[in-house]
Structure formats: structure tokens, C-alpha cells
1. From the list THR63, THR54, THR33, which one is under 25 Å from VAL87 (Cα atoms) and modelled with pLDDT under 95?
2. Can you find a residue in the range 68-76 that is out of contact with any helix residue (DSSP H, G or I) (no Cβ under 8 Å at 6 or more places or on another chain), among the β-branched types (Val, Ile, Thr) and assigned to a helix (DSSP H, G or I)?
3. Does SER8 meet the test of being open to solvent by 70 Å² or more (accessible area, probe 1.4 Å), part of a strand (DSSP E or B), free of Cβ contacts under 8 Å to residues at least 60 places away in the same chain and not β-branched (Val, Ile, Thr)?
4. Name the single residue, out of those in the range 114-165 being touching a Cys at 6+ places or on another chain (Cβ under 9 Å) and among the β-branched types (Val, Ile, Thr), that is least open to solvent (accessible area, probe 1.4 Å).
5. Is it fair to say GLY85 is surrounded by fewer than 13 Cβ atoms within 10 Å (Cβ to Cβ) and at positive phi?
6. Take the range 47-63 and flag every residue that is surrounded by 13 or more Cβ atoms within 10 Å (Cβ to Cβ) and at positive phi.
7. Pairs only if they're at least six apart or on different chains, beta carbon under 9 angstrom, first in the range 146-157 and of a type outside the set (Ser, Thr, Tyr), second open to solvent by 70 Å² or more (accessible area, probe 1.4 Å); list them, first residue then second.
8. For the condition more than 30 Å from THR33 (Cβ to Cβ) and touching a helix residue (DSSP H, G or I) at 6+ places or on another chain (Cβ under 9 Å), what is the one hit in SER132, SER156?
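The values are calculated or read from the model by the stated rules, or taken from the named source; none is laboratory data. Here the structure is a predicted model, which means the values were calculated and not measured. Cβ: placed from backbone, ideal geometry, glycine included. Neighbour counts: every protein chain shown. Please note that ligands, DNA and RNA were not included when accessible areas were found on the heavy atoms of the full protein model with its side chains. Shrake-Rupley method; radii C 1.70, N 1.55, O 1.52, S 1.80 Å.
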Amino acid sequence: YVAGWSGSTTITASAAGCNGPATTTHVVTVTPTVSIAAFSPATSTRCQGAGAVTTTTTATNSTGITYSLDAASLTAGNSINASTGEVTYVAGWSGSTTITASAAGCNGPATTTHVVTVTPTVSIAAFSPATSTRCQGAGAVTTTTTATNSTGITYSLDAASLTAG
């Protein structure tokens, strides 16, 4: 058989002889090879937090697609619906989650993966102290705080202070 052939092939055997020929046939069904579409996009990002997200793909010449998660995500308490691709994330999970889609079929399974980066929730430390007092007069005062899992801190003033200059 050539690589790209699929369909029915009939093999006929013919025996020559008295009152012949005698024949018999054998039908071979050549099933096409299973293939799976890559996830599009191949990666995604989400913020840490409980919730469900469905990520799916399609396959050709497949008898079905099964979705699964990497061991670290499962150990952390995340779960996946193997038939729909819906991932349920637990509130405290951050890191990488790899979703694998596996299409069953001839010469299979065919697989593809999608990597989800779960970014930790940003938090900011309270000003310490939370309030302060200063005497009236021109001057500059610097008040700062820190944050975790942040791309930067922006400081602003209330409207009355801005209006006063």
C-alpha cells in the first residue's frame, strides 16, 4: 500500500483448472490515519483563582478525543473533564498547567498540548503606619509600600489634595 491510500481494496484469488477458474475475494478496508489540530493558541495565561475554563481542539479520522492534565496540576487539586476539556482550577493554584488532547484512531493516538500559565494574585502591603501627621507647609514626603506578584506600583492622591495643588 502507498502511504496516502485509504478506502477499500479488493484482493481476488483465481485458481485455474478443471471447471475453473475458481475465485474468491478478500476485502481490506484501509482506515485513514488519525490527526489532531494543534490548540490555537498553543499557550494562554490566566490569573490565579478558582474557576473553570474549557479548552478544546478537533481531530480527523478519530474515534474520540480525551483530555488530561499534567501530574502537578492534578496533585494541586485541579481537575479536568476528560470528554469536554473543561479544567476546574482551585483557588490557590499558580504555575504551569499542561492540557493534553489525545485523539484515538488508526496509527494513533495523535496528541497536542496547551500550556496555561496561572499567574499568582497580586497583593499589596498596607502602608505602615496607616496614617501620619505633618505640620502645614511646603515640602516633600515620600510614603511607600511593597507588593508581591506585581508588575509595578502606581501612587496617586485624592481629588481634594490634587485640587489644592
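1. Selected residue: THR63, the only one of THR63, THR54, THR33 that is under 25 Å from VAL87 (Cα atoms) and modelled with pLDDT under 95.
2. Taking the range 68-76 first, the residues out of contact with any helix residue (DSSP H, G or I) (no Cβ under 8 Å at 6 or more places or on another chain) are 68-76.
Narrowing further to those that are among the β-branched types (Val, Ile, Thr): 75.
Subset that is assigned to a helix (DSSP H, G or I): 75.
Yes: the range 68-76 contains one or more residues that are out of contact with any helix residue (DSSP H, G or I) (no Cβ under 8 Å at 6 or more places or on another chain), among the β-branched types (Val, Ile, Thr) and assigned to a helix (DSSP H, G or I).
3. On the way: open to solvent by 70 Å² or more (accessible area, probe 1.4 Å): yes; part of a strand (DSSP E or B): yes; free of Cβ contacts under 8 Å to residues at least 60 places away in the same chain: yes; not β-branched (Val, Ile, Thr): yes.
For SER8, the condition - open to solvent by 70 Å² or more (accessible area, probe 1.4 Å), part of a strand (DSSP E or B), free of Cβ contacts under 8 Å to residues at least 60 places away in the same chain and not β-branched (Val, Ile, Thr) - is met.
4. At the first step, the residues of the range 114-165 found to be touching a Cys at 6+ places or on another chain (Cβ under 9 Å) are 118-122.
Retained after the next criterion (residues that are among the β-branched types (Val, Ile, Thr)): 118-119, 121-122.
Details: VAL118: 4, THR119: 54, THR121: 75, VAL122: 89 Å².
Among those residues, the one meeting the criterion is VAL118.
5. On the way: surrounded by fewer than 13 Cβ atoms within 10 Å (Cβ to Cβ): no; at positive phi: yes.
No.
6. GLY49, ASN61
7. Sorted first by the residue in the range 146-157, then by its partner, the pairs are ALA147/VAL122; ALA147/ILE124; ASN149/THR121; ASN149/VAL122; ILE153/ILE124; ILE153/THR144; ILE153/THR146.
8. On the way: SER132 fails: touching a helix residue (DSSP H, G or I) at 6+ places or on another chain (Cβ under 9 Å).
Answer to the selection: SER156.
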